[in-house]
Amino acid sequence: MDEIYGGKGEISSLPITPRSSAMAPPIPPISAPPSQFHSPSLSRSPLLLESPIHQETSLSTNIHTPNVKTPNSRLSLTPRFLTPLGSPVRKIIRMTKLETHHDDPDNWLPLTESRNGNAYYAAFHTLCSGIGIQALVLPVAFTILGWTWGIICLTIAFLWQLYTLWLLVQLHESVDGTRYSRYLDLFTAAYGARARKILATVSIVYLSAGTCIALIIIGGSTMKLIHQTLCAGTCSNPKPLTPAEWYLVFTCIAVVFSQLPNLNSIAGVSLIGAVTAVGYCTIMVVVSIIKGRIPGATDDTIDESSDVLKIFSQLNALGIIAFAFRGHNLVLEIQGTLPSSEKYPSKVPMWRGVKLAYAIIAMCLFPLAIGGYWAYGHMIPENGGMLSALFAFHSRDTSKTVLVLTGSAIVVNAVCSFQIYGMPSFDDMEQRYTNRFHKACPWWVRVLTRLFFGFINFFVAVAIPFLGSLAGLIRGLALPITLVYPCFMWISVKKPKPYSAMRYINWGLGILGIVMTCILVAAGFFTVINTGIKVSFFKPK
């Protein structure tokens, strides 16, 4: 399928009718097939071009032997978008055995080990990483901004982050044909290693490991909520599981799935995560609209006691909206799983997958924010948003089946999101091993590193359960990854003309993003100081 550019053009030699030595022309040397664009770890030599003689030989072979089936002819009968779903099973059976070229360190790492993805891969991964539990608190922002400014800010944020995502897709292989399959690699190419350590590393680590910690808390708490719903007045267990034990149950499930070796192998997992995310968003919106507005709910915005508090509340609302769109730290990594050549660059199928994914994301987030604010108004809970509102206001007039189905979808989505957000950390740990020993990680090292990652996140989730109180501050620190750095990296790498529109647009959005980051960080500090934090180590609720 040319439209998804998913396969590799392999040229095979088939037997032909023997000729006499007098008739046979001299056999010229045949060059290698075209290689993919380099990764940053490879040499920056020019791309190999396909030999015309090789093309002619392959064409004549196919003309003379029309009825001969090649070994790959059977695979052509399978729809290309279904082939990724079989990868996890095959990889588990092989016990993560690597089938790569041993002279390329990038072929040993989870993010770049397999590059046979397609546009459907990109859509699955982008949708799973781009929509999540953070979207459920969007109605809280509307209680501060109101209808008009809430819809305007949500629309601007959506278009802004979609534009910066397009920039990243275009920058993936924009420098001398080198493929930058990691956000930090592109940032280093644009600004150097020192700026990477100061400006980008902390934010990327938070968006990877920090998101996994939040998923453990959300997944474990939702599992506890499901258990309470099912066992309301019927279970005879005198000692139910504690929150820490529910976190442990979730972590064990997530760690089992994290043994899938690379980003391509979790395509089926990402598809399940995307479907469940769309599912629980749809259920919440439908239930809220069918049940109607709850008694006492109004559209009036929340009035603060002073103008200062009102301003900082509005800034925190902007932070909630901006952070609802996440996943930019994974865009280059997802694109790195696609094949790429000079004729068929990876940006084409990647952008097709992104457009599909973000069309679905828009159809989920906008109804969720608007419908949730209409149904609950200023009474929507600040912690948990739509999830807390569903169980708080509709636990008695909605069937247990709907409540349990919604909670189960959130848990499944959290498990699936854990895999894709943990993959950069898996890649970093295995890269340290390959750099030291100059060989691929054996399967047992891979298993141990991922066990370590999962349970160290569990330890942090149990030890520091008040991290959610710092959400506003952390949102501000992570905002440049999505809205600021892509604009400045475009200017540094592409070097647009001095008075061109692209230069003005990127400078304007970049500076505006920096101003917003500083204001949101200040608002986060003010909120922490004003409301305080209940510090309680090893006491998750």
Going from most exposed to least, what order do C281, C153 have by accessible area with a 1.4 Å probe?
C153, C281
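From largest accessible area down, sort F142, F323; use a 1.4 Å probe on the protein chains.
F323, F142
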To the nearest 10 square angstrom, how much accessible area does Y358 have with a 1.4 angstrom probe?
10
Which Cα, out of T276, F325, I311, lies furthest along the positive dipole direction of region 275-339 (beta carbon charges, K/R +1, D/E -1)?
T276
Surface per residue (accessible, 1.4 Å probe) for region 408-541, Å²:
49
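Test of understanding: what is the full-extension gain from K343 to K439, defined as 0.36 nm times their sequence separation minus their Cα-Cα distance?
31.4 nm
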Is region 208-365 best put as rounded, prolate or oblate by its Cα gyration tensor, with a ≥ b ≥ c the root eigenvalues, rounded for a/c under 1.5, and otherwise prolate when a/b is larger than b/c, oblate when not?
oblate
In region 430-515, if every C-alpha pair distance is counted and binned at 10 Å from zero, what percent goes to each bin?
14, 23, 19, 28, 15, 1
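Send over a whole-number figure in Å² for the accessible area per residue of region 230-278, probe 1.4 Å.
44
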With a ≥ b ≥ c taken as the square roots of the eigenvalues of the C-alpha gyration tensor of region 352-456, please select rounded if a/c is under 1.5 and otherwise prolate if a/b is larger than b/c or oblate if it is not?
prolate
Per residue, how much accessible area does region 138-210 show when a 1.4 Å probe rolls over the protein heavy atoms, in square angstrom?
38
Just to compare against my own numbers: the Cα pair-distance distribution for region 242-318, 5 Å bins, whole % per bin, please.
3, 10, 9, 10, 12, 13, 14, 13, 9, 5, 1
Each residue of region 410-421 in turn: what ³J(HN,Hα) in whole Hz from Karplus with 6.51, -1.76, 1.60 and θ = phi - 60°, glycine and Pro shown as x?
5, 5, 5, 4, 5, 4, 5, 5, 4, 5, 6, 6
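The values are calculated or read from the model by the stated rules, or taken from the named source; none is laboratory data. Values in this document were obtained by computation on a predicted structure and should not be read as measured data. Please note: Cβ atoms are built from the backbone with ideal geometry, for glycine as well, and neighbour counts cover all protein chains shown. Note: accessible area is taken over every heavy atom of the protein model, side chains too, but ligands, DNA and RNA are not part of it. Shrake-Rupley method; radii C 1.70, N 1.55, O 1.52, S 1.80 Å.
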